[in-house]
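So the structure is just underneath, and the comments pick up after that.
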Amino acid sequence: MIKLTVGAIALFTLIGASIVSAQNLTGPQKNAVRSAESYLRIGGFSREGLIQQLASSYGDGYEVADATVAVDSLSIDWNEQAVRSAKQYLSMMGFSCNGLIEQLSSSVGGKFTRSQATHGAEQAGAC
């Protein structure tokens with residue numbers, strides 16, 4: 001039997017799904033996790049965008065199911081990813097507040113939720 005402290009229980013409660021999931025990942029899913037972590041080191045990604053990158057034949061070519069499990073096994077702050085992505089867009093060109101929100105939330109752009117895109121644009125200083 002494992003004995004957990006209150007702090008460990010709180011931490012497990014916050015990231016417990018990731019801990020349990022990480023232990024049960026298949027080989028391809030573990031590799032997809034490593035790929036996802038690499039992508040996250042170089043840029044801001046939405047959940048949908050990261051899954052698409054991992055599953056794309058132009059990206060890594062993982063099965064969508066494996067890419068999804070891999071991404072969902074990680075503890076990722078999607079709002080922070082939206083801020084990172086917004087800053088990347090702003091470093092390349094100017095955007096109005098609404099224009100950046102549209103770019104971040106577009107199905108052909110960042111693929112963030114509208115809420116995440118708004119947060120990203122605001123925190124990056126576009127609004």
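The length gained on full extension between Ser56 and Ser115, counted as 0.36 nm times the residue separation minus their Cα-Cα distance, comes to 18.7 nm.
Under the criterion of Cα pairs below 8 Å and six or more residues apart, the relative contact order for region 43-127 equals 34 percent.
Read-outs throughout are calculated quantities, based only on the coordinates presented, and are distinct from any laboratory measurement. Here the structure is a predicted model, which is why all the values come from computation and not from measurement.
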